[in-house]
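The values are calculated or read from the model by the stated rules, or taken from the named source; none is laboratory data. Given the structure is predicted, the values throughout are model-derived calculations rather than measurements. Counting neighbours? That spans all protein chains shown, and the Cβs are built from the backbone with ideal geometry, glycine included.
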Amino acid sequence: MAVATASNAASRPGEIALRDERRELTWAQADDLLNRAVNALLPLGPGTRVAVYAENSAETVLAHVAGLLAGMSVVPVNFHLTAAETAYILGDSRAALLLTGPENAARAVEAARLAGISRVIAWRCRDVPGAEPWEDVLAAASPAEPPSDLEPRPNLLYTSGTTGVPKGAPLPPNMFAGGRTIAEHVEALREQPLTMLGPHLAVSPLYHTGPLIGVRAFAAGNELGVLGRFDAERVLRAIDRWRPLASVMVPTHFVRLLELPRAVRDRYDPSSLALVAHTGSSCPVEVKRAMIEWWGPVLVEAYGATEAGTVAVIDSSDWLARPGSVGRPVPPFETLVVDEAGDPVPAGTEGRLYFRDPTGRGVLYEGDPDKTAAAHLEPGVFTLGEIGYVDADGFVYLTDRFSDMVVSGGVNLYPAEAEKVLFEHPGVADAACVGVPHPEMGEELKAVVVARDGAVTEDELIAFCRDRLTHFKCPRSVDFVAELPRTEMGKLNKRELRAPYW
């Protein structure tokens, strides 16, 4: 096709385009596979939603890019989710096709059945009833260049809410390159900061907004290396061997990298890295300082959320001068800190942190006007649920959250899901879940429970949750108390509940 992969296939066909830990694809090979994948998807029609529910691999990257180049909106689905949880997302997004890998192909088939989706395509597994082999689909498709004049469509990304029900958020404009056609979109991708640098390394799951930047970098013509589940030494080995210039990580990755023995760390050369964006959760000051000392001033913190994109940025030099800041707002956003009444407060004063979007868009939750409205102080002025302050130079500092969300290892957890399950246990009279400090993950989910008469144990409640929810959504510990801090109206004061742990 007359876009990046075709151009690279013509000018440097034998150079590596895409690699994972099993295989390497040249630009000529990647272009052929993408042409076939796009042509296989085109009969579904432009604007169709296709879901990708798979662990990291070269095929996962190709599936994402093929959906984009076919003028479709790709829905990345967390591969940890159960079949029922996945089926909800498939139904809510109105996906017409599910693409998956061998690790969860059986779950994918069950999720598709529950959601009423008739087609599942799976790679590297021919023995899963109900799934078409990816390899056969591509072999039967045309290798001809597909059209590049289709309209590009943003991802639909799912982020849960305090109700515990996932909400779809279109990839926001500051993360979506736009363009009237796929050809224009790819040219615009080439101008984005993390896709301009060159070879990229993806180390986080490709259902998160951050690592999907690497997928877009590949679509724009940059070499991409993709790793499976995070392993600190494998990451260092890949950096040493593949020599990427850019990557996106989360603070938990830094913690695990720093935990490696010095002798292991010294085996590998990370000097190829020119920019490592980190996002997902607040990075402990001592961890970030240690990473800058090791890798140099290549870290750039991007503060934001799935539904908003990046709203503030700080590079290593500014951060070293202002440890703990998440940076200044990026255009077109402006910061606004207000008190409980919604009135602006002076610089340096703690309050509820909002961002003004002069375009008036703010954040958008598809199909949920109430949640969209709740995130806004006024049209275009939205919050990510944080409490903080802005100094006299415009740098933003976070001090707390007034939303219930817990960020553990870069993953957003919403206590309401675990709380709902806990209330189903006959031994629980009252319960709440909060985030508490964790040295590696940043936070972990803790349940605080008022037990009914009779014995109920921590292990019993954790097992009860794990039988009903994906494990990462479950509390890791349980404390028992006589009562929870509630108002006369029954509203739980989670800030008071969290305070002793922090």
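Values for this structure:
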quantity	calculated
Matching residues in segment 322-340 - criterion: being within 17 Å of H376 (Cα to Cα) and hydrophobic (A, V, I, L, M, F, W, C)	F333, L336, V337, V338
Among (1) within 24 Å of V77 (Cβ to Cβ); (2) out of contact with any strand residue (DSSP E or B) (no Cβ under 7 Å at 6 or more places or on another chain), the one test that C433 misses	(2)
One residue from A188, A217, A177, A277 being part of a helix (DSSP H, G or I), over 17 Å from A17 (Cβ atoms) and among the small types (G, A, S)	A188
V436 vs. criteria touching a helix residue (DSSP H, G or I) at 6+ places or on another chain (Cβ under 9 Å), farther than 29 Å from V203 by Cβ and of a type outside the set (S, T, N, Q)	no
Segment 213-227: number of residues that are small (G, A, S) and touching a Lys or Arg at 6+ places or on another chain (Cβ under 8 Å)	3
Subset tally (residues that are outside any strand (DSSP E or B) and modelled with pLDDT of 95 or more) for segment 324-342	2
Per-region count, segment 386-408, residues within 23 Å of K494 (Cβ to Cβ), free of Cβ contacts under 8 Å to residues at least 60 places away in the same chain and of a type in the set (V, I, T)	3
Filter result (assigned to a helix (DSSP H, G or I) and surrounded by fewer than 22 Cβ atoms within 10 Å (Cβ to Cβ)) within segment 280-316	V285, E286, V287, K288, R289, A290, I292, E293, W294, W295, S316
Selection count, segment 86-102, where residues are out of contact with any Lys or Arg (no Cβ under 6 Å at 6 or more places or on another chain), crowded, with 19+ Cβ neighbours inside 10 Å and more than 19 Å from W123 (Cβ to Cβ)	3
Any pair with Cβ under 6 angstrom, 6 or more apart, that starts in segment 421-441 at a residue that is over 20 Å from E483 (Cβ atoms) and assigned by TED's automatic domain parsing to the domain that holds E496 and ends at one that is at pLDDT 90 or above and part of a strand (DSSP E or B)	G435/E443; H438/E444
Residue that is farthest from the chain's Cα centre (by Cα) [pool: residues in segment 113-133 that are part of a loop (DSSP other than H, G, I, E, B) and of a type in the set (A, V, I, L, M)]	V128
Matching entry among R229, R241, R256, R237 (being farther than 28 Å from A4 by Cβ, in a helix (DSSP H, G or I) and basic (K, R))	R256
Filter pass, R498 being surrounded by 18 or more Cβ atoms within 10 Å (Cβ to Cβ), among the charged types (D, E, K, R) and farther than 30 Å from A83 by Cα	yes
Residue list for segment 108-131, filter: over 19 Å from R49 (Cβ atoms) and either not small (G, A, S) or not assigned by TED's automatic domain parsing to the domain that holds L41 (or both)	E110, W123, R124, C125, R126, D127, V128, P129
Some residue of segment 418-431 being closer than 22 Å to P251 by Cα and touching a helix residue (DSSP H, G or I) at 6+ places or on another chain (Cβ under 7 Å)	no
Complete set of residues in segment 134-152 that are surrounded by fewer than 18 Cβ atoms within 10 Å (Cβ to Cβ), in a loop (DSSP other than H, G, I, E, B) and touching a Lys or Arg at 6+ places or on another chain (Cβ under 8 Å)	S142, P143, E151
Segment 416-444 - residue that is part of a strand (DSSP E or B) and in contact with a Lys or Arg (Cβ under 6 Å, 6 or more places away or on another chain) and, of those, surrounded by the fewest Cβ atoms within 10 Å (Cβ to Cβ)	A429
Helices (runs of 4 or more DSSP H) lying entirely in segment 1-112 (those with 2 or more residues that are modelled with pLDDT under 95, over 24 Å from Y158 (Cβ atoms) and not hydroxyl-bearing (S, T, Y))	4-11
Hits in segment 350-368 - residues which are among the hydroxyl-bearing types (S, T, Y), in contact (Cβ under 8 Å) with a residue 40 or more places away in the chain and surrounded by 12 or more Cβ atoms within 10 Å (Cβ to Cβ)	Y365
Any hit, segment 191-200, residues being under 29 Å from A83 (Cα atoms), aliphatic (A, V, I, L, M) and not assigned by TED's automatic domain parsing to the domain that holds P46	no
